[in-house]
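One structure below.
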Amino acid sequence: MVNIQNLIDDAKCFETVRALRWSDGIFCPHCGSARLIKRGFDDTQPDRQRYRCHGCARDFDDLTGTVLAGHHQPLRVWILCLYFMGLNLSNRQIAQELGLNKDDAQHMTTHLRQGLEPIRKLLSS
Ligand SMILES: [Zn+2]
């Protein structure tokens, strides 16, 4: 059986999120400043770009301030979850496809439905 997670490229997932989230340019989610520098990549997720804001001197990354940040599932699982939601799969079917238990799948779809603006853009594109 094919595991769909193996077909998904983390780098592409982050590219997709960056293209949607920063479509009007990168800005600091803490203070809104666009004066920033790139500051390497996340220690555990090598495709997750980090930034340092010159306005407030705080750090952020591609996922800061979105529902995709700070969860234990990798980004590709969230992206696939969005994709399956777009196909109107039930939480049970999504759980099956992604090898999650039903509670985890429900937790994710709930988060995504209540998500922030970048995620709504993801869902509608
Ligand atoms: Zn800032």
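Sorted by mean Cβ packing within 10 Å, highest first, what order do the peptides 20-27, 38-45 take? Could you put the intermediate results ahead of the total?
Numbers: 20-27: 13.6, 38-45: 11.9.
Peptide ranking by packing, descending: 20-27, 38-45.
Which Cys residues of the chain have no other Cys beta carbon under 4.7 Å away?
Singleton cysteines: 13, 81.
Kirkwood hydrodynamic radius for the chain: how many Å is it when counted over pairs of different Cα atoms? Show your work: numbers first, answer last.
Details: mean 1/r = 0.0652 Å⁻¹.
Across the chain, the inverse of the average 1/r is 15.3 Å.
Where a number appears in this text, it was derived from the coordinates with a stated rule and is not lab data. Since this is a predicted model, take the numbers as computed values, not measurements. FYI the Cβ positions are ideal-geometry reconstructions off the backbone, even for glycines, and counts take in every protein chain you see.
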